[in-house]
Amino acid sequence: MFTINYEHRVKTRRTFAIISHPDAGKTTVTEKMLFLGKVIHMAGTVKAKGSSKYARSDWMEIEKRRGISVTTSVMQFSYKDCIINLLDTPGHEDFSEDTYRILTAVDFCIMIIDAAKGVEERTRKLIEVTRLKKTPIITFINKLDRYCKNYISLLDEIESDLNIKCIPINWPIGSGTSFYGIYNLKNKKIHTYLKKKKSEQSQNNLSDSIKIFNLFSLKKIYEKNYAEEIYEELQLIENVYDKHNSAEFLKSISTPVFFGTALGNFGIDYMLDYVVKYAPSPSSRKTNLRIVNPKESFVTGFVFKIQANMDLRHRDRIAFLRIVSGIFHKGMKLKNIRTGKIFVLSDAVYFIAGERRIVNSAYPGDVIGIHNHGTINIGDTFTEGENFSFIEIPLFAPEIFKKVLLKNPLKKKQLVKGLIELSEEGTIQVFRKMDSNTIFLGAIGSLQFEVVLDRLRIEYKVDIAYNDVNIAVIRWIKCKSKKKLKDFINKYSQHLAFDFKKNLVYIATNAANLKITSDLNKEHISFSSTINF
Ligand code: G4P
């Protein structure tokens, strides 16, 4: 099974997600990428008039804008000689733990920064998550056709705020209404931005206009004084920033920086060219027994997301399995290592142009959807038989907490069952306090609470309400010494709870409390914001 063709297919896969703060331009960049991948056929249209409210999924947002169906969580398209898998990271109000976990299932990320706003809060959080696995980051500075911060200050901000070195691959000339284009620091060519009518923007890619950079040619394009100013600035930039170093990029020490305007369809193709040339192909992954290399011929994979918006009454779910190694074929039998159950996968689906299609074959880096009725959990490993489990599929410490109020006390059993199942799917995290047995829920995005409320009502026939609870932060506790752990439990039992997998967590009412406790106990107890599924 191990052929040159197979190796080539692995080498030309690119699996990534986009990181951004709401409104920085993720949907617009995605749309332009789909256009460049020939998945959609006209770039440059904008949101339908009057649709000021965002849909729950950014894919749905595109769908609404474009009148096409792309609702899914993974998009596959080809660009140059690569197959690209773009994993949607729920944003806006459907921001959730899924958003974080998806970042651990990809091989690299593209970070979009709004040039007027710089590094924003959501971006900061998402970048923290990528740090867990030192995921390589490519940066796209967007909206250059509007007012922008000073570009050097912007890169300084990224460097200091996100602790990553910026390596500009190109440099913008002007901004806002005077945005003239970008200068390629490597081949020293200028690509001129041509403001076009929206209907023409599909042609506005970088191959449009390439001008060799020297003062003479600049003077032909710009007024004499401005040409000199640009010339000096670009020479300065060449000396200020380090040259691209692909090893540093792959270790996430540095981030290549691209500039452009997604709305103007300018600069995205250049970044995708970089993706094809330098971004990592599917990587090896750790299991509890050994490291699995994507070139291995046996099929292995792990589940990182479960989508339950199919037919709720039948617990119809799609589990998203990332293939780590081997070629998956339709009808293949794969074993869920956690349960030992064999799945005959004749109706696994993949997503193209918004449609679900039956998978005939899939390669490392690809994501396939497996239908199930609640028998697959997040973190499950599938193999052709070898017994091991992928270990780096994390659970993240929730950031919002609520106490559950059961409206009909006779429904306690259904409530517990529902909460256990929903937590195994990754919809919510459930905790039980050690001293009082009180159940409380934790989530990363507030929409998760609404989803749980709805699903408990529809699928488990349980009505609940929520009460606020005085918890600001939880951390998973680890301790090597049984005696020290016992002492800790005795001392802090009012601050302890179990998660749904019976892991011990410390509950703090504020960050200061957490700091004091962790400082006091740091010799023996570790406080972690993630734990593996
Ligand atoms: P998001 O998914 O990250 O939330 O951002 P999205 O792409 O939806 O973009 C947010 C807003 O920014 C949209 O405007 C979009 O048109 C605009 N935008 C995206 N890229 C650019 C760019 O390069 N230049 C400019 N000037 N704007 C850009 P909106 O106000 O929400 O809607 P609309 O009235 O433009 O449709």
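The values are calculated or read from the model by the stated rules, or taken from the named source; none is laboratory data. Note that this is a predicted model, so its numbers are computed, not measured. Quick reminder, even Gly has a Cβ in these numbers, built from the backbone with ideal geometry, and neighbours come from all protein chains shown.
General observations
- Scanning the stretch 337-353 for residues that are modelled with pLDDT of 90 or more, of a type in the set (Val, Ile, Thr) and within 13 Å of Gly369 (Cβ to Cβ) yields a total of 0.
- Which listed residue is crowded, with 23+ Cβ neighbours inside 10 Å, within 14 Å of the ligand (Cβ to nearest atom), outside the structural domain of Leu441 (by TED's automatic domain parsing) and closer than 25 Å to Ser529 by Cα, from Ile141, Ile110: Ile110
- Among the residues of the stretch 32-60, those identified as within 16 Å of the ligand (Cβ to nearest atom) and either modelled with pLDDT of 90 or more or basic (Lys, Arg) (or both) are Lys32, Met33, Leu36, Lys47, Lys49, Lys53, Arg56.
- Of all residues in the stretch 479-506, those that are at negative phi have Cβ atoms under 8 Å from Cβ atoms of residues that are of a type in the set (Lys, Arg), 6 or more apart or on another chain, in Leu496/Lys433; Ala497/Arg432; Ala497/Lys433; Phe498/Arg432; Val505/Arg475; Tyr506/Arg475.
- Considering residues of the stretch 469-483 that are in contact with a strand residue (DSSP E or B) (Cβ under 7 Å, 6 or more places away or on another chain) and of a type in the set (D, E, K, R) only, the residue farthest from Pro398 (Cα to Cα): Lys478
- The stretch 17-28 residues that are assigned by TED's automatic domain parsing to the domain that holds Asp98 and charged (D, E, K, R), paired with ones that are within 6 Å of the ligand (Cβ to nearest atom) and not in a loop (DSSP other than H, G, I, E, B) (beta carbon under 6 Å, 6 or more apart): Lys26/Ser20
- Among (1) among the polar types (S, T, N, Q); (2) surrounded by 14 or more Cβ atoms within 10 Å (Cβ to Cβ); (3) more than 30 Å from Lys407 (Cβ to Cβ), the one test that Ser481 misses: (2)
- Residues that are within 26 Å of the chain's Cα centre (by Cα) and hydrophobic (A, V, I, L, M, F, W, C) were ranked within the stretch 149-198; the one that is farthest from the ligand (Cβ to nearest atom) is Ile167.
- Just one of (1) away from the ligand (no atom under 16 Å from the Cβ); (2) modelled with pLDDT of 95 or more fails for Lys243. It is (2).
- Residues being assigned to a loop (DSSP other than H, G, I, E, B) and over 19 Å from Lys482 (Cβ atoms) - total across the stretch 504-522: 2
- Tyr466 aromatic (Phe, Trp, Tyr) and within 18 Å of Ala308 (Cα to Cα): no
- For the stretch 373-409, the set of residues classified as of a type in the set (A, V, I, L, M, F, W, C) and closer than 24 Å to Ile102 by Cα consists of Ile376, Ile378, Phe382, Phe388, Phe390, Ile391, Ile393, Leu395, Phe396, Ala397, Ile400, Phe401, listed by residue number.
- Yes/no for Leu312 being at negative phi, modelled with pLDDT of 95 or more and not charged (D, E, K, R): no
- Within the stretch 523-533, the set of residues being farther than 10 Å from Cys479 by Cα and outside any strand (DSSP E or B) comprises Ser529, Phe533.
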